[in-house]
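Q: Sharing a structure here in structure tokens format.
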Amino acid sequence: GGAMAIVNLPVTVCFALATVAVPAIAKRDGARKSKAKLLLLSTLVLSFLGALCCYMFSPLAVRLLFSGFSSEYQAMTVMLVRALSLNVIFSAMLQTINSILIGVGKTSKALVGLIVGVIVKTTLTAILINFTNLGILVMPITVTLCNLLACFINLLYIKKYANQKNHDGQTEYKK
């Protein structure tokens, strides 16, 4: 719980960016594609910095936020935050990608990647818990892979619906 609280801090900043951008993406103008690219790039940069901060400053963050925890629990939380730091990027990107899909009216497509990701995560968790000695590290591995897979699938949908021309000849997401 403590690890996810720390890791979700930078993701929340990116989520706010993605949420604010939905109306701009939804606006049917010629700049829709460039707005989506800028949003993806901004999210990538911010989430990379957030992941880096989570990895580097996890001992300090855990000491400050969870000073009442035992030293063993603090050490385990630092390990989990570091293991989850890469997930900051995929989680933030997934939110942004889904916001773009929602903005272009493809809400159901945003769910596809999430559903596939959850199925893979659940299956992989069961396999890794039963057949490896990874223990608690199974959680960051499977969460990160789930979000990576969902990002990839939903990026394919964005690519599929991009570069379509509307009746005015402008580049438009396919309806």
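Q: How many residues does the stretch 10-43 hold that are under 22 Å from Lys106 (Cα atoms), within 12 Å of the chain's Cα centre (by Cα) and not aromatic (Phe, Trp, Tyr)? Walk me through how you get there before you give the answer.
A: Applying the first criterion (under 22 Å from Lys106 (Cα atoms)) to the stretch 10-43 yields 14-43.
Among the residues that remain, those that are also within 12 Å of the chain's Cα centre (by Cα) are: 14-15, 18, 40, 43.
Still in the list and also not aromatic (Phe, Trp, Tyr): 14, 18, 40, 43.
Count: 4.
Q: Moving to a separate point now. Given the criterion open to solvent by less than 20 Å² (accessible area, probe 1.4 Å), under 25 Å from Pro23 (Cβ atoms), part of a helix (DSSP H, G or I) and of a type outside the set (Lys, Arg), identify the matching residue among Asn154, Asn87. Quick ask: steps written out before the conclusion?
A: Working: Asn87 fails: under 25 Å from Pro23 (Cβ atoms).
Step by step, each of Asn154, Asn87 is checked, and only Asn154 is open to solvent by less than 20 Å² (accessible area, probe 1.4 Å), under 25 Å from Pro23 (Cβ atoms), part of a helix (DSSP H, G or I) and of a type outside the set (Lys, Arg).
Q: Hey, Lys33 hits all of (1) at pLDDT below 90; (2) part of a helix (DSSP H, G or I); (3) surrounded by fewer than 16 Cβ atoms within 10 Å (Cβ to Cβ) but one; which does it fall short on?
A: (3)
Q: Do you know which residues across the stretch 36-79 are open to solvent by less than 80 Å² (accessible area, probe 1.4 Å), more than 15 Å from Thr12 (Cα to Cα) and among the polar types (S, T, N, Q)?
A: Ser58, Ser70, Gln74, Thr77
Q: Got a sec? Which of Ala18, Ala75 is of a type outside the set (Phe, Trp, Tyr) and under 17 Å from Gly1 (Cβ atoms)? Please lay out each step first, then the result.
A: On the way: Ala18 fails: under 17 Å from Gly1 (Cβ atoms).
Result of the check over Ala18, Ala75: Ala75.
Q: Out of all the residues in the stretch 61-72, which are in a helix (DSSP H, G or I) and either free of Cβ contacts under 8 Å to residues at least 24 places away in the same chain or of a type in the set (Asp, Glu) (or both)? Walk me through it before giving the result.
A: Within the stretch 61-72, the first condition is being in a helix (DSSP H, G or I), and the residues that meet it are 61-65, 71-72.
Once the filter is applied, which keeps residues that are in a helix (DSSP H, G or I) and either free of Cβ contacts under 8 Å to residues at least 24 places away in the same chain or of a type in the set (Asp, Glu) (or both), the stretch 61-72 yields Arg63, Leu64, Ser71, Glu72.
Q: Here are Leu94, Leu111, Leu65, Leu101: which of them is in contact with a Gly (Cβ under 8 Å, 6 or more places away or on another chain) and under 20 Å from Lys160 (Cβ atoms)? Full working, then the answer.
A: Working: Leu111 fails: in contact with a Gly (Cβ under 8 Å, 6 or more places away or on another chain); Leu65 fails: under 20 Å from Lys160 (Cβ atoms); Leu101 fails: in contact with a Gly (Cβ under 8 Å, 6 or more places away or on another chain).
When all the criteria are applied, what remains is Leu94.
Q: From the list Val143, Val116, which one is part of a helix (DSSP H, G or I), of a type outside the set (D, E, K, R) and over 13 Å from the mean Cα position of the chain (by Cα)?
A: Working: Val143 fails: over 13 Å from the mean Cα position of the chain (by Cα).
Just a single option satisfies the conditions, and that option is Val116.
Q: Let me ask something else about it. What are the residues in the stretch 90-107 that are modelled with pLDDT of 90 or more and either open to solvent by 50 Å² or more (accessible area, probe 1.4 Å) or within 26 Å of Leu137 (Cβ to Cβ) (or both), if any?
A: Listed by number, the residues that qualify are Phe90, Ser91, Ala92, Met93, Leu94, Gln95.
Q: Name the single residue that is farthest from Ala3 (Cα to Cα) among those in the stretch 128-151 being buried (at least 17 other Cβ atoms within 10 Å of the Cβ) and polar (S, T, N, Q).
A: Asn147
The values are calculated or read from the model by the stated rules, or taken from the named source; none is laboratory data. In this text, all values refer to a predicted model and were calculated from it rather than measured experimentally. No Cβ is skipped: glycine too gets one built from the backbone with ideal geometry, and neighbour counts run over all protein chains shown. Calculation scope for accessible area: heavy atoms of the full protein, side chains included, ligands and nucleic acids excluded. Shrake-Rupley method; radii C 1.70, N 1.55, O 1.52, S 1.80 Å.
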